[in-house]
Amino acid sequence: MTPVKQKPIRPHRPIVSVAVALPVMDCYSYTVPDHLLALIRTGKRVLVPFGSRTVTGYLIGSSSEPDSTTLKHILDVLDDAPLFSSAMVPFFQWIATYYMYPLGQVISTALPAGLNLTDIAVMTLCPPGMAALTSDAVSPLEKTVLTALTKRPMDFRQLKKDVGQRVPWALIHQMRQRGWLVVERQIKGGQVRRKTIRMVRLAEGVAESGKISPQRQAILDLLRQQGGLSVPDLSKRVPTAASLVRAMQKAGMVRIEDHPVYRDPFGDPIDPDRPPVLTDEQAEAVNRMTPLLGKGFRTVLLAGVTGSGKTEVYLQLARQAVDRGLHVLVLVPEIALISQTERRFRARFGETVAVLHSGLSRGERYDQWLRVARGEAGIAIGARSCIFAPFETVGLIIVDEEHDAAYKQDGGLSYNARDLAVVRARHQNALAVLGSATPSVQSWHNVAIGKYSTVGLTRRVNRQPLPVIQTVDLSQIRDERGIRRYITPLLQQEIQKTLDDGHQTLIFLNRRGFSVFPICAHCGQPLRCKNCDISLTLHKQANAYRCHYCGFSRPATSTCPACGSDKIKLLGTGTEKIQEAMVQLFPQARVARMDRDTMTRKGSVVKLLKDLKNRNIDILVGTQMVAKGHDFPGITLVGVVCADLTLNFPDFRAGERTFQLLAQVAGRAGRGKQPGKVILQTFNPDHFSITAAKHQDFVTFFNQEIGFRQALGYPPFTRMIAVRLSGRDPRQTGIHARALGSACQDLLHPEGPFHRQVQVMGPIEAPLARIANQHRWQMLIKSPDTARLHRFVNQLMLGPNALPTRRDVRVTIDVDPFSL
Ligand code: ADP
Ligand code: ZN
Ligand code: ZN
C-alpha cells in the first residue's frame, strides 16, 4: 500500500491584497507576519518587498489567493488609522479600470499631497544596538548601519546616503526585532501642535506670596484670569515669557500642554445668515428632491437660468441631508468661485463645513482632509479633487456648473469629477444633483434618454427679465482702425451710459495678454516660441513676450529673430490691450482686470471680487474667469469683445463651449434691481451657438447640436479615448505613433470583434505639434459601445501583443478627452 501523500499542514495565514503606488496595473498578494496581524486594516499603507525594492502600497482588502507558500511578507504597517474606508475601494477600482490607470496611483491621487510626500520613518539607536556594536556576531553591513545611527537618528533615505550603499529594509526590520533600534513614523507637515500653558493649582500659594519676580507674577496673573494661554499670547504681555515658562514648569508652577490644532484656512469669521423664503420654483425644486435623499442612487439635473437661485436650492437641500445625518459633497469648478459658495455654506452651516482645494496651503489642506476623514465635518466643498473627500459614506453630491470644462483633470489621472460624482453616488447609494444654467450636451442627453431626471428654474429670483442681448456684426465694422475695431461705437456708447448711471460694466475677451500675434513689420514673420509651434504673446505689464504653453519668455525689447528689425506690429488683441483702451477711452473710470496674469497671488481673487462688490471698480475686463457663476448686482452691462474665439477651436465641442461661455457671461448682467444689457460682438451673428446664447435657450441649442453629433458620430452617441504620444525626437515619436497605428489596424481585422465596431482616427501629428520641445502625435479611438472600446484599448496597450514601451516616447491614455 502506497502511503497517501499528505499536503503539509500549514497554519492558516491571512493573505492581503495590496495596490502598490507604482505604474503597474495589477494588485499583489502578501502574507501577514504574526506581529503585524493586529494592525492590518483596509485603507492603511504598508511597506512591501517588490522585486528588489521596498515600496509603499495600500491595503485594499483580503486576497482570494489560495496558496501562500510563494508569497512574500508585508514588512511593516505604516498608518495608525486607515486613510480611506473600505467603502471607497470599489470606487477606486472602478476609476482604475475605466481610466486605465494603476490602482495604487489612483489612490495616491485621491489622498492629499501633504500626506504622501512627507511621511518618513525615523530610526533611533537603542542601548542593545550600542552594545551590539562591539560584538563579533554583527555583520559588517549591520555594523555600518549601527555606526551611522550613533551620530543621530535618521530616516531611511538619509541612512542610505550616509552609509553609501544599499540597505535592505528587511535588515532594518530584523535589527528592530532584536531591539537594536526603534523606528518611529513621523508625518512631517502633518497636524501642527500648539502648546498651551496652564497654571498648576499648587502655584496659587506662590502666586500670592509676592516672593517671585514681577515677570513671573505677571505670567501667573494672566494664566489665572484666562485659563490657558499660548506662548505667543503670553509673550505679547511679557516679552520674556518663552524662556520663563520653561523654568516655571520645572519649578512646578505651570504645566505645558501640547495638543494638535487645525490650521484655519478661512481667515475672517462669517456672520450666520437666515434662509430666505424660497420662490415657488425653488420650493418646488427642494420639495421634489428632498424625498430622494437616503433612498438610493439617483441623478437629478437642476437646470436653472442664471440668477434663478440655484445655490439657495443647494443650501436648503443640503440642510435636509444634514438633518438626516447624511454627508454632503459640493463641487465647484474654480477656486475663484469656491470662496463665494464656501462663504454661503459657512454662513448657513458654520463649523461643519470643510473646504478642499489647491488654494489652501499644504498644511491647511491636510487638516481639512483630516476633519472630513474623522467625521468632524459634515459638508465638504471644493474643486474637482474634492470628489475624493474621505467621507465614509456620502448621501448627497452637488456639482455646481456641471457643464464646466474645469472638472476635467488633464495629465496624471485624467478624470472628470462631474462624471465621478455620478459614479460615487451610484457606489454609495446617494443623490447626485448636477446644476447649471447651460447644461452639457452629455447631461441633457442623459435626461432625454431617461437616465437622469430634471428640475427646472425658469425665472430669476429678482423677477428681472434675462438681459437683452444686442449683436454687433464685426465684419461690418470697416471704417474703424486699431482698437476701435474691437471697442465698437455702440459698445463705447453703452459703456459711457452705464458709467453715467453709476452702474458697473463687465468686458469679456477670452484671451489674455496685450498682443497675441506680434509680427515683424519688415519681413512679416510672426514672433514664435523657441520650444513650441505657437506665437508668443506680448505681456506689456510683465515687459516680455511669453509662451502660454511652456512659459518661455523673451524681453519686450526683442528684435525680429529672422531679420533683426525692431519694428514689431502688435496684432491680435488680448485683455491687457482692452484694459489699456478702457483707461484711454474712459479716463474717469476705475478699470480693473481679472485673468490668470493678474490673479496669481493668493487672495487676489477674493480682494478683486470684494472691490467689485463694494463698487470700487467701474469696468472689469477679464477672461472666462469672469464669466462663471459670480453674483454681482451692480453689473448692468456686459460687453463681449469677440464671441468667435472659442468657435474656431479644432474640437467637436467648440459650439457647445461657445454657447455656454456666452450664455454664462451674459448671465452676469442685470442680477440686481436694474435690468441688464449685453453687447455681443461677433463675426458670425447667425451661428446657432450665438443665437441660442442670446436667449439663454439651451434646449434649442441642444436640439440642433445633438443632430450634428449624431450625424458625425460624436459623443454622446459614441465614446472616445485619445492616445497621445510625445517625445523629444520627432522621427522616433512618429515611428512609434505609426507602429501603434498599425497595431490598431491589426486589431481591427475583419474576423475580429472590433471590425466596424471601433473606429481609429490617426495617428496624426497633434494640432500643436510641438510643445516644450516635445513632439506630439495622437490617435482618437471611438465606438458606440463603451465596453468594446475599453477592451480594444486594453488589448492595444496591455494585451499579449502590445508594443513594448519605449523610454524615449511617452504614451498616455485619455478616456473621454476634452481637448483633442
Ligand atoms: P444662480 O446660482 O442660479 O445664478 P444664485 O444662487 O447666485 O443664482 O442667486 C442669485 C441671487 O439671489 C443671490 O444673491 C441670492 O442670495 C439671491 N437669492 C436666491 N434665492 C433667494 C430667495 N429665495 N429670496 C431672496 N433672494 C434670493
Ligand atoms: Zn523680421
Ligand atoms: Zn513655448
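Readers should treat all values here as calculations from the given coordinates under stated rules, not as data from a laboratory. Only a predicted model underlies this, so the values are computations on that prediction, with no experimental measurement involved. As a convention, Cβ positions derive from the backbone with ideal geometry for all residues, glycine included, and neighbour counts pool all protein chains shown.
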Checklist entry - Over segment 663-820, how many percent of alpha carbon pairs lie in each 10 Å bin up to the one with the longest distance? => result 10, 29, 24, 18, 14, 5, 1
Checklist entry - For the chain, what is the calculated [θ] at 222 nm in deg cm²/dmol (nearest 500), taking -39500 (n - 2.57) for each run of four or more DSSP H residues and dividing by its residue count? => result -9500 deg cm²/dmol
Item to check | Cα pair distances of segment 331-447 binned at 5 Å [whole percent] | outcome: 2, 12, 21, 25, 22, 12, 4, 1, 0
Checklist entry - Can you give the net charge of the other residues whose Cβ lies under 14 Å from the Cβ of residue 49, counting K and R as +1 and D and E as -1? => result +2
Checklist outcome for this item: Placing one equal point scatterer on each C-alpha of segment 715-761 and summing with Debye, one gets log10 I(q)/I(0) at q = 0.15 Å⁻¹ equal to -0.51
Checklist entry - Of the listed peptides 365-375, 516-526, what is their order by residue-averaged count of other C-beta atoms within 10 Å, with the highest listed first? => result 365-375, 516-526
Item to check | Viscosity 0.890 mPa s, temperature 25 °C, Stokes-Einstein D of segment 122-178 from Kirkwood C-alpha radius, µm²/s | outcome: 218 µm²/s
Checklist outcome for this item: Those trypsin sites (Lys or Arg not before Pro) from segment 666-742 that are DSSP loop and have at most 15 other Cβ neighbours within 10 Å turn out to be 673, 728
Next on the checklist: I want the local charge near residue 457. Using Cβ-Cβ distances under 13 Å, sum +1 for each Lys or Arg and -1 for each Asp or Glu among the other residues.
Outcome noted: +1
Checklist entry - Put +1 on the Cβ of each Lys and Arg and -1 on the Cβ of each Asp and Glu in the chain; which of 698, 662, 150 then has its Cα farthest toward the positive end of the dipole? => result 150
Item to check | Overall Cα dimensions of the chain - principal axes, largest extent first, Å | outcome: 96, 95, 69
Checklist outcome for this item: For residue 728, the net charge from surrounding residues (Cβ-Cβ under 14 Å; K, R +1; D, E -1) works out to +4
Item to check | Unit charges on C-beta of K, R, D, E only; dipole of segment 602-660, Debye | outcome: 340 debye
